[in-house]
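A quick write-up on the structure given underneath.
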Amino acid sequence: MWALRHSLSEGLRASGSVVGFDLSFRRRDLARFRAEATTMLDANFPDYALCDFGHVADGGIHFNLVGPTTPERRAALREAVLTLAIDGFGASFSGEHGLGRAFQDAYDRFTPRAIQDYSAAVAAVFGQGSASVRLAPTTSSPSGSL
């Protein structure tokens, strides 16, 4: 079963440049998000193909888009999807895989300061090497953020 699951990701990478999201929603919102996102993509990003899959029963979706590699275009797409998901539906941008360096900027932007401070304090208890990402706001985007 896992071989089939991993073949989806491998197939996407072989198809082109992937802008991937690991989103989670309240189950009741997932279908509505997907419908609104599809409409938004058709109108504003028709040069990207939606290739989503996931564990819809628990509200999770791997929302992947394959398309152009232009940094400005990818950044605009990423911003549009995150804004719709988070501001429009209260989704999580870190789903089942956690934060990761690629979404540090989203954490900095969308996570309330009090939660950022609390998270940093918890990470500090476990020591410098306990967290794979920095949990404090940044003033510049980390390399490889797209």
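The values are calculated or read from the model by the stated rules, or taken from the named source; none is laboratory data. Not measured: the values here are computed from a predicted model. Cβ sites come from the backbone with ideal geometry, for glycine too, and all protein chains shown count toward neighbours. We work out accessible area using only protein heavy atoms, side chains counted, and drop any ligands, DNA or RNA first. Shrake-Rupley method; radii C 1.70, N 1.55, O 1.52, S 1.80 Å.
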Mind checking which pairs have a first residue in the range 108-127 that is aromatic (F, W, Y) and a second that is in a helix (DSSP H, G or I), Cβ under 6 Å, 6 or more apart or different chains?
F110/I86
Residue satisfying all of: in the range 18-48; small (G, A, S) and assigned to a helix (DSSP H, G or I); nearest to A102 (Cα to Cα) among these:
A37
Any residue in the range 57-77 that's farther than 11 Å from V19 by Cα and touching a residue at least 40 places away in the same chain (Cβ under 8 Å): show its pairings with residues that are of a type in the set (G, A, S) and surrounded by fewer than 19 Cβ atoms within 10 Å (Cβ to Cβ) at Cβ separation under 9 Å, as long as the two are six or more apart or on different chains.
none
By residue number, the members of the range 1-31 that are surrounded by 13 or more Cβ atoms within 10 Å (Cβ to Cβ) and closer than 19 Å to D87 by Cα are G20, F21, D22, L23, S24, F25, D29, L30
Any residue that is among the acidic types (D, E) and over 29 Å from M1 (Cβ atoms) - is there at least one of those in the range 54-70?
no
Under 8 Å by Cβ, and 6 or more places apart or on different chains, what pairs join a residue from the range 25-51 that is among the hydroxyl-bearing types (S, T, Y) with one that is assigned to a helix (DSSP H, G or I) and surrounded by 16 or more Cβ atoms within 10 Å (Cβ to Cβ)?
Y48/L41; Y48/L77
Which number in (1) assigned to a loop (DSSP other than H, G, I, E, B); (2) open to solvent by 40 Å² or more (accessible area, probe 1.4 Å); (3) within 22 Å of T111 (Cβ to Cβ) marks the one condition that G88 misses?
(1)
Conditions: (1) in contact with a strand residue (DSSP E or B) (Cβ under 8 Å, 6 or more places away or on another chain); (2) at negative phi. G59 meets all but one. Number of the miss?
(2)
